[in-house]
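K.L.:
This is the structure, below, for whatever I ask next.
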Amino acid sequence: MYPSLVEPTIKIIMKHQLDVCSKDKFQKNSIVLNLVIGAIIVFIISVILYVKYKGKQDIKTIKDRERKKKEYILSKISNYQKMKNKNLIQ
C-alpha cells in the first residue's frame, strides 16, 4: 500500500548490525568502567593501609624522639645560661 524506500531485508540487516555495535560498545564501556572502579578501590585501600601503618610507631622510636626533644631543650637552656653568665661577667 505505502511505498517503501528500503527493502525489508536491508532493514533487518541494519537492525542486526546496530544491535551488534550496541552490544560491543556496551561491553567496551563496561570493561573500562570496571577497570577504573577497580583502580579507585585499590588506591583507596592502599591509602588507608599506608596511613594506618605509617602512623603506628613502636615504643623505641617514641622514646628516641622524646629523648631528642629533651636534649634539644636542655642544650638551649644551657646555651641561654652561658650567654647570661657572660653578660653578667662583662
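Nothing in this text is a laboratory measurement; each read-out follows from the coordinates by a stated rule. Everything quoted here is computed from the prediction, not taken from an experiment. Positions of Cβ are backbone-derived with ideal geometry, glycine not excepted, and every protein chain shown enters the neighbour counts.
Every residue, every condition in (1) in a helix (DSSP H, G or I); (2) exposed (fewer than 10 other Cβ atoms within 10 Å of the Cβ); (3) within 27 Å of the chain's Cα centre (by Cα); (4) small (Gly, Ala, Ser), yes or no:
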{"position": "Ser30", "(1), (2), (3), (4)": "yes, no, yes, yes"}
{"position": "Leu35", "(1), (2), (3), (4)": "yes, no, yes, no"}
{"position": "Leu49", "(1), (2), (3), (4)": "yes, no, yes, no"}
{"position": "Arg65", "(1), (2), (3), (4)": "yes, no, no, no"}
{"position": "Lys76", "(1), (2), (3), (4)": "yes, no, no, no"}
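K.L.:
Can you name every residue in segment 1-28 that is among the hydroxyl-bearing types (Ser, Thr, Tyr) and under 41 Å from the mean Cα position of the chain (by Cα)?
P.N.:
Ser22
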